[in-house]
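Inspection log for the structure reproduced underneath, given as structure tokens.
Here, each number is a calculation from the coordinates, and none is a lab measurement. Fair warning: this is a prediction, and the values are worked out from it, not measured in the lab. All Cβ positions, glycine included, derive from the backbone under ideal geometry; neighbour counts span all protein chains shown.
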Amino acid sequence: MNVILIEDDAALARASALVAAVERIALDTEFHNERSYVPRLMVLQMVVDEDVFIVDAVRVRNLQPLADALASKTVVGHALQSDLKIFAERFDRLPAAAFDTQLAAAFSGYGMSISLADLVHDVEGVRLRKSQTVSDWSSRPLSPQQIEYLVDDVRHLFAVADALRTRLSERGRLGWFEEEALPLVDPAKYRPDPERLYLRIPGATRMNRRELGILREVAQLRDSLARERDVPLKFIIPDDVMGALVTLRPASRDDLAQLRRLDAGARKAFGDRIVEAIARGLALRDDELPSKPKRLPGAEREAIVACLGVLVNAIAAENGLPAGLLTPRAALERLARELPQSAEDVARVLDATAWRATLVAEPLHELLSGRTALTVTGSESGNPRIERVVTTGGAPQR
């Protein structure tokens, strides 16, 4: 493969034109996210036909032409969500489709989080040298070792993707994978829900509805300010100060001086807007206040969640899939709280895609309704497994 370094707008335009002539692109990115709201792209590496392009995003500041060219293509990558989030946030464009080799590997029996290096070794018998995993990608010029690392991260993606596609087709799971990959190119996946930002703040579950109303207003303001300035949320207002603002309820900018972790610069820059947000929260009518978050399950519900988890683990084992791919624990907690009365309602509560609903919705409903029980068989032979048995009048029937 030819390796081509892109360091100016003219070279980027030529590469973007080549992108327009192919159906799929192998893609990876290197970024820093310590000091920005959206991760700052440092390098973008891609395979276009037989060429590897290393796009220097420090020197080429406007990558919009490339993002536009990719908008009609299929992107192949490993653990693509972080890469595509940058495209959604920075360029407001996403590819038409995505083939995530880590997700495809999960459906192929590799587990939820296999590394690209391990996947390449298993599929192609090649060992990658991952010597630059903690490299400073903002430094220039890029070293030969960094270039080698960047090339290795994309040069095998097509071969791995093709092998995984074949395996998925042979196992009848290609449709499952494609359904699960669709959200990766849905812009809604990368938009935070402004009505729920406050729920991420520690201590929110202990607040009353009025306090939550204030917290919601301040959380929305903090997110807006961080986005405007492209800095992390904590650089605007630290989480512990968010809770203190709800308690203090300052009525003027001078009142904010009581909070030592909100420095003078912040008070001057947006102190008045903080006070206004708190006033909006205090002025909300009772029917406008957010509901209190539901408490975590008690002992009985925790036992139900554990039982549901055993069933999910058993179904996952039967199908050679990671349990976390079927349904996360948070979804099982929702089931234990809401206790849906039909398989369709179970699928709705799980927000399950069609393939997932087929595998788990009916078994979970039967367990919740008492129509099946779980038992361990095969212990005597040294080959124990979970088995579902039908119950009649409370008695298991094999």
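Amide H to amide H, with H built 1.01 Å from N, PHE31 comes under 5 Å of MET42, counting only residues 5 or more places away or on other chains. What translational diffusion coefficient, to the nearest whole µm²/s, does the range 197-288 have by Stokes-Einstein, given a Kirkwood radius computed over alpha-carbon pairs, a temperature of 37 °C and 0.692 mPa s viscosity? So the translational diffusion coefficient is about 252 µm²/s.
Based on Cα contacts under 8 Å between residues 6+ apart, the range 2-190 shows a relative contact order of 23 percent. Note on the chain: lysine pairs with Cα distance below 23 Å, sequence gap of 8 or more or different chains, count 6. Net charge around VAL58, counting only other residues with Cβ within less than 10 Å of its Cβ (Lys, Arg = +1; Asp, Glu = -1)? My count for the surroundings of VAL58 gives +2.
Sequence-ordered 3J(HN,Hα) estimates for the range 86-98 from the Karplus curve with 6.51, -1.76 and 1.60 and θ = phi - 60° stand at 4, 4, 5, 7, 7, 10, 6, 9, 10, x, 6, 8, 9 Hz, glycine and proline given as x. Along the chain, counting only GluC sites (Glu not before Pro) with a DSSP assignment other than H, G, I, E or B and at most 12 other Cβ atoms inside a 10 Å radius, the longest segment between sites is 196-379. Distant-in-sequence amide contacts of LYS73, defined by a placed amide H-H separation under 5 Å and a gap of 5 or more residues or a different chain, comprise ALA96, ALA97. Each of SER135, SER108, SER72 was scored by other Cβ atoms within 10 Å of its Cβ. Arranged with the fewest first, they read SER72, SER135, SER108. Helices in the chain, meaning DSSP H runs of at least 4 residues, each add -39500 (n - 2.57). Divided by all residues, the mean residue ellipticity at 222 nm is -13500 deg cm²/dmol.
Annotation for the range 246-349: trypsin sites (Lys or Arg not before Pro) lying in DSSP loop with at most 11 further Cβ atoms inside 10 Å of their Cβ are ARG260, ARG261, ARG285, LYS294, ARG295. With a cut-off of 20 Å on the backbone N, the residues of the range 78-101 near the modelled label site 7 Å out from ASP118 along Cα-Cβ are 78-82, 100-101. Approximating the spin labels as points 7 Å out from Cα along Cα→Cβ, the GLN64-to-ALA317 distance works out to 5.5 nm.
Who wins for biggest fluctuation among VAL48, VAL346, VAL376 in a Gaussian network model of the chain, springs between alpha carbons below 10 Å? Judging by the Gaussian network model, the answer is VAL376.
Given their separation in residues at 0.36 nm each and the Cα-Cα distance between them, ASP136 and GLU34 gain 35.5 nm when the chain is fully extended.
Taking the Kirkwood radius as Rh and the Cα radius of gyration as Rg, the range 2-190 has a ratio of Rg/Rh equal to 0.94. Most simply put, the chain has about 65% antiparallel DSSP beta bridges, counting only bridges with both residues inside it. Computed over the range 109-177, the P(r) curve from all C-alpha pair distances, binned at 5 Å from the origin, holds 3, 14, 22, 20, 15, 10, 8, 5, 2, 0 percent per bin. Among GLY111, GLY382, GLY265, the residue with the largest mean-square fluctuation in a Gaussian network model of the chain, with springs joining Cα atoms closer than 10 Å, is GLY382. Share of pairwise Cα-Cα distances greater than 19 Å in the range 135-232 is 70 percent (whole percent). Of ALA96, ALA257, ALA104, the residue with the greatest mean-square motion in the GNM of the chain, using alpha carbon springs below 10 Å, is ALA257. Measuring spread by the Cα atoms of the chain yields a radius of gyration and Dmax of 25.5, 76 Å.
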